[in-house]
Amino acid sequence: MSSELIDLNELGSHVSDSASYHLPYFMQQLPDLPAIPLGGGYQLQLTKYMVTEVAVGMLLILIFVPMAMKLRGGKYPKGRFWNFWEVILLYLRNEVIRPSIGKKDAGRFTPFLWTLFFFILFCNLAGLVPWFGVSPTGSLSVTAVMALSTFLVVIGSGMKKFGVVGYWLGQVPKMELPFVLAVLLKPMMFVIEVIGLGIKHVVLAVRLLANMFAGHLVLAVFLAFIAAVADNFVLWLGVTAGSLFMSVCLNCLELFVAFLQAYIFTFLSALFIGMAQHQH
């Protein structure tokens, strides 16, 4: 085996979406077992991200619908499994959502932010499952849709509370200015605030994308080092041991990052919603 086997396109395919699942190396050697293709129909091609997102959605339903039914029936969740999820839900509500939005208005947005957090978290964790493919949150199309959802909730809830005109006029801080200065400065500040509102949500999408994509790419590079020195057995042993050790360490870091990025996205979403509910 030589370094020419390290194809950058092949390396990049493991951290991007595709219409088929890669098989483990030893299974790829079987002549009648190619990569598993994903079907489609009506001009819709299924991809790994789509399958992962559907699987994540079903998993969320399987966990939280029974939990909600228990609570609706007046039963408290018992056992470590249910208590684990309850702790996260209560922490997000009490320490993230209510302080950011306010106790009075937080209840209306809590289900949305809970769903956002767990969907991102499960998508992040899916990328750590061997041969399952990179997490969907490593794609801009996925993170952009989630950021767009937050943006629509922000402006929709703001316009519902203050009215369409009142919400957009409220983007300009209330200042006592002479008439001439007000005519000049307030339109400029309005444009800056509206642009800033859009930029904040764009950054929300890019931040999550960059963190998830970069971690998986670095992991793929570490593993590629093994094949790059395969011609020299002694060197290969040392590089393999080092690469596997670094991969394990990086996977542990990625596990932490999966929770951290879900938390940051949810926290910033709650903060933006709170800013829309409590204007300048």
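Surface calculation, 1.4 Å probe, protein heavy atoms: PHE267 sits at approximately 70 Å² accessible.
The residues neighbouring LYS78, those whose beta-carbon lies less than 12 Å from its own, together hold a net charge of +2 under the Lys/Arg +1, Asp/Glu -1 convention.
Straight-line reach from LYS75: taking Cα to Cα under 18 Å and skipping same-chain neighbours fewer than 8 places apart, no lysines fall in range.
Scattering from the C-alpha atoms of region 103-181 alone, worked out with Debye: what is log10 I(q)/I(0) at q = 0.13 1/Å? For the requested q values the scattering log ratios are -0.62. These residues, TRP168, TRP85, go from largest to smallest accessible area, 1.4 Å probe, as TRP168, TRP85. Taking each residue as 0.36 nm, the span from ALA214 to TRP82 lengthens on full extension beyond its C-alpha to C-alpha distance by 44.3 nm. With the simple spin-label model, which puts each label point 7 Å out from Cα in the Cβ direction, the GLN279 to VAL194 separation comes to 1.4 nm. Net charge in the neighbourhood of ALA106 (other residues with Cβ under 15 Å of its Cβ; Lys, Arg +1, Asp, Glu -1) is +4. Positive-end ranking of GLY107, VAL96, ILE120 along the dipole of region 69-124, with charges on Cβ about the Cα centre, is headed by GLY107.
The largest-to-smallest principal axis extents of the Cα set in region 141-195 are 46, 23, 12 Å.
The values are calculated or read from the model by the stated rules, or taken from the named source; none is laboratory data. Worth saying up front: this structure is predicted, and the values here are computed from it rather than measured. Virtual Cβ from ideal backbone geometry, glycine too; neighbours counted across all protein chains shown. Accessible surface areas use protein heavy atoms only, side chains included; no ligands, DNA or RNA. Shrake-Rupley method; radii C 1.70, N 1.55, O 1.52, S 1.80 Å.
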